[in-house]
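Heads up: the structure comes next, in structure tokens.
Where a number appears in this text, it was derived from the coordinates with a stated rule and is not lab data. From a predicted model like this one, the values you see are computed outputs, not experimental measurements. Using ideal geometry, Cβ is built from the backbone for each residue, glycine included, and neighbour counts are taken over all protein chains shown.
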Amino acid sequence: MKLRIASGVVFNQVGEELVLLDLNRGVYFGLDAIGARIWQALAEGVEEGEIANAIAAEYETNSETALEDVRRLIAELREAGVVEDVER
Amino acid sequence: MPPAAAPEHYLVYGLALRSSVAIEGLEAIPFDTSRVIDCDVIRGEISSLGTRGSLLPRDPLDEVGEATVTVEQSRDERGTFVFTYRDGMRFRLEGNGSRITAAWDPPATAADMATYLLGPVLAFVLRLRGNLVLHASAVDCDGRALLLCGTSGAGKSTTAAAFLNSGANAITDDVSAIVWRGAVPHVEPGYPRVRLWSDSAAGLYGDAETLPRLSETWEKRFVDARGRFVRDAVPIGAIAVLAGREPGPPRIRRLSGHEAAMSLLVRTSAVHLADEATQGNELSRIATLAAAVPVFAVSLGDDLAALSTSVNALRELLP
């Protein structure tokens with residue numbers, strides 16, 4: 001499933017971390033360094049499996065754990081309405 | 001009709017004001033033909049925009065103490081806003097604040113008007129002009145600014161006054177206008193007063209009566225910081241986000257990048273005012289500020305007498 005950043009969501013890197021603002025609802029979220037990496041990859045349209053592999057390589061963890069983490073964050077972002085599925 | 005008095009000129013938050021009303025708390029400066037006037041301030045009649053306006057969402061940063069406010073934005077005159085406070089004080093901003101009309105009736109006074117103008121009204125004007133503004137007081141310690149952020153009652157002004165007692169200079173009270181000189185964020189000077197509620201004044205000075213009242217109608221007092229006031233923007237050394245008082249010694253924790261940005265976002269009105277592009281820019285400036293300057297969450301002790309301990313601890317945060 002491909003995702004995209006929902007409209008009305010702006011974001012900014014703060015050092016290695018990231019802060020995002022949902023202008024439609026006036027709420028904001030913060031992401032730590034790993035969350036920020038995942039977000040940037042999602043913003044570039046990278047698929048979750050590929051993101052997990054990159055995270056696993058960078059943080060020397062196994063791909064399954066990384067994939068779980070990526071999916072958990074995506075679920076949270078989707079729940080918050082800041083990412084949405086791209087219709088095919 | 002008596003002849004109109006010559007207007008006074010002032011500098012506050014980096015804005016050049018020309019006012020037909022003396023603005024209490026500001027020091028008039030000589031007229032300088034080379035300086036572009038940013039805001040003309042007059043006293044006049046103001047009526048609600050009614051159906052020609054739409055209400056902006058409520059923003060606590062636009063309020064003063066208990067005086068809640070409604071802010072109307074004109075539908076047909078771009079950059080025109082009307083502020084109506086519950087106590088009857090009114091302001092009309094035109095041209096994004098390049099012309100400000102103030103209206104008040106007794107028992108309100110010009111001193112009351114100045115309190116509103118120098119607080120939320122000019123903060124709003126700065127935001128309209130694209131400045132980043134934080135709800136923060138600031139003090140100068142050896143050429144570095146410490147910003148004291150927090151909600152009303154968090155101890156911003158009390159802590160700022162304690163800093164003044166320990167030899168620091170005043171920069172601004174409650175409204176911090178941020179400007180960048182090169183890559184270095186600076187805070188613009190406000191005016192040479194630190195405003196305190198009577199209990200804080202009594203805690204710091206023994207007796208609240210030692211400090212003059214801000215106006216006849218308010219229980220708030222002020223420390224006169226003339227002579228200990230900076231005249232130019234000061235580079236920001238650190239930002240302390242004050243989060244209430246708890247028993248025991250002050251607790252200080254450095255915030256990570258996203259925590260810092262989020263805690264500063266609360267102190268602005270990023271989501272209140274402007275269009276998406278402007279809000280995006282404000283977020284970008286907050287992120288830049290949070291990356292450039294260390295930001296700390298601070299719980300002050302609950303004992304005013306021990307505030308000097310907090311001052312020493314906070315002073316250590318500056319580079």
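Tabulated data
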read-out	value
Computed over the stretch B:170-319: relative contact order in percent, which uses C-alpha pairs under 8 Å that are six or more apart	25 percent
Amide H within-cut-off set for B:HIS186, under 5 Å, with H built and near neighbours excluded	B:VAL179, B:TRP180, B:ARG181, B:ILE236
Prolate/oblate/rounded call for the stretch B:132-256, Cα gyration tensor, a/c under 1.5 rounded	oblate
Degrees between helix B:156-165 axis and first principal axis of chain B (Cα, 0 to 90, nearest 10)	60 degrees
Measure of compaction for the stretch B:1-119 (Cα Rg per 2.2 N^0.38 Å)	1.08
Theoretical ellipticity at 222 nm over chain B - DSSP helices of four or more residues, -39500 (n - 2.57) apiece, nearest 500	-6000 deg cm²/dmol
Against the rule of thumb 2.2 N^0.38 Å, how large the Cα Rg of chain A comes out	1.04
For chain B: rounded, prolate or oblate by the Cα gyration tensor [a/c cutoff 1.5]	prolate
FRET efficiency for B:ASP199 and A:GLU68, using Cβ-Cβ distance with R0 set to 51 Å, rounded to 0.05	0.45
Gain on full stretching of the segment that runs from B:SER284 to B:ARG99 - 0.36 nm per residue minus C-alpha separation	63.7 nm
Under 5 Å, built H, 5+ apart or other chain: amide partners of B:THR172	B:ALA138, B:GLY190
The stretch B:145-184: C-alpha gyration tensor shape, a/c 1.5 cut-off, then a/b vs b/c	oblate
Descending principal axes extents, the stretch B:36-86, alpha-carbon based, whole Å	33, 26, 20
Distance between modelled label sites at A:VAL27 and A:GLU84, nm, 7 Å Cα→Cβ extension	1.6 nm
Contact order relative to length of chain B, as percent, for alpha carbon pairs under 8 angstrom and 6 or more apart	15 percent
Mean Kyte hydropathy of -1.0 or more with a Cα span along the axis of at least 24 Å, helices from DSSP in chain A	A:63-80
Within the stretch B:226-262: backbone nitrogen closer than 17 Å to the B:ALA305 label point (7 Å, Cα to C-beta)	B:247-250
Label point at B:ARG78 placed 7 Å out along Cα→Cβ; residues across the stretch B:87-131 whose backbone nitrogen lies under 20 Å	B:93-100, B:125-131
Contour minus Cα-Cα distance for B:SER20 and B:ARG251 (0.36 nm per residue)	78.5 nm
Proxy reagent accessibility, fewest Cβ within 10 Å first, across A:LYS2, B:LYS156	A:LYS2, B:LYS156
